[in-house]
1. Return, ordered by residue number, the residues of the stretch 88-128 whose backbone nitrogen is under 18 Å from a label point located 7 Å along Cα→Cβ of GLU50.
2. If amide H atoms are built 1.01 Å from N in the plane of the peptide, which residues on other chains or at least 5 residues away come under 5 Å of the amide H of GLY5?
3. In whole Å, largest first, what are the principal axis extents of the Cα atoms in the stretch 182-222?
4. Under a 5 Å amide H to amide H cut-off, with H placed in plane at 1.01 Å, what residues pair with ALA186 once short-range neighbours are removed?
5. Apply the Karplus curve 6.51 cos²θ - 1.76 cosθ + 1.60, θ = phi - 60°, to the phi angles in the stretch 70-83 and return the couplings in whole Hz, x for Gly and Pro.
6. Relative contact order for the chain: what percent, with Cα pairs under 8 Å and sequence separation of 6 or more?
7. Quick one: what are the phi-derived ³J(HN,Hα) couplings along the stretch 145-152, Karplus 6.51/-1.76/1.60 with θ = phi - 60°, whole Hz, x for glycine and proline?
8. Which far-off residues, 5 or more places away or on another chain, put their amide H under 5 Å from the one on GLY68, with H placed in the peptide plane?
Amino acid sequence: MKVSGIVELSTIDYPKKCSAVVFLSGCNMKCGYCYNYKHITERSYEMSAEEVFKNMDLMFAEALVISGGEPTLQPEGVKELCKLAKEKGFPVKIDTNGTNVDVIRDLVENKLVDYVAVDVKCRFDKYKELTGIDGETIKENILKIINICKENNVFIECRTTFIPTIMDKEDIEEIASTIKDCDMYAIQQFDNEHAYCEEFKKIKTSTTEELLELGKIAKNYIDNVVVRTLDGEFRINNDLMDNNKNNIKNRR
Ligand code: SF4
């Protein structure tokens, strides 16, 4: 498979576990705010699943996170990697932009992943403009992925990186009401400094307080809502916000 990078050991990418993170090359979207775009399109090392594991810190890593880019563009490599992780007793999380339902279905139904995190980039009528992908198709895909995960007892997280000026509270309202059956919804702070496009670098990022207000809107539809800032993670409670930081950073 084509790999753009490996983080040997991370404490922020798999809940409550130290994990290794493998970033696969290539993506079928081109989000202007992507902090990884240059790496995933310009760096590509051919590696087998065994070679990926040789680059992990096997002394401390307890889980494998497969990210990108869009990992489902390399279904055979991903499957090989998941199988090896399972043979070694590692729980597996996969990040996806939701474009390849069949690849996710295959992994979930064959019990090769434990956790799926799917991006919901924006309100579905804005998808085309922001990502180049048709919004109605992606909405259908995301709902299918949620169902597949729920039917197979695989944890399903949906997540949105909130970009001020492009998005507003109506985006969060529409997204949350659409994906209300997921296990967790995360609203993530936009990292303007590392955005791929110059015009996105100029957009001022939201404050933690603004994101917490958005979290409260989402909480009307979904029980488990978190806000991830560049410094930590905040869980939204019914009446108040719990400011316990879990030191989980936004990766995508
Ligand atoms: S943010 Fe995700 S989906 Fe968008 S270009 Fe970057 S890797 Fe691809």
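Read-outs throughout are calculated quantities, based only on the coordinates presented, and are distinct from any laboratory measurement. Only a predicted model underlies this, so the values are computations on that prediction, with no experimental measurement involved. A quick note on method: Cβ atoms are made from the backbone with ideal geometry, for glycine too, and the neighbour counts reach across all protein chains shown.
1. Residues passing the 18 Å test: 88-89.
2. PHE23
3. The Cα atoms of the stretch 182-222 stretch 35, 21, 11 Å along the principal axes, largest first.
4. Close amide H contacts, sequence-distant or interchain: CYS158, ARG159, THR160, VAL226.
5. The phi angles translate into 10, x, 5, 6, 10, x, 5, x, 5, 5, 4, 5, 5, 4 Hz.
6. Taking the mean separation of contacting Cα pairs over the length of the chain, I get 16 percent.
7. Calculated HN-Hα couplings, in order: 4, 4, 4, 4, 5, 4, 5, 10 Hz.
8. LEU24
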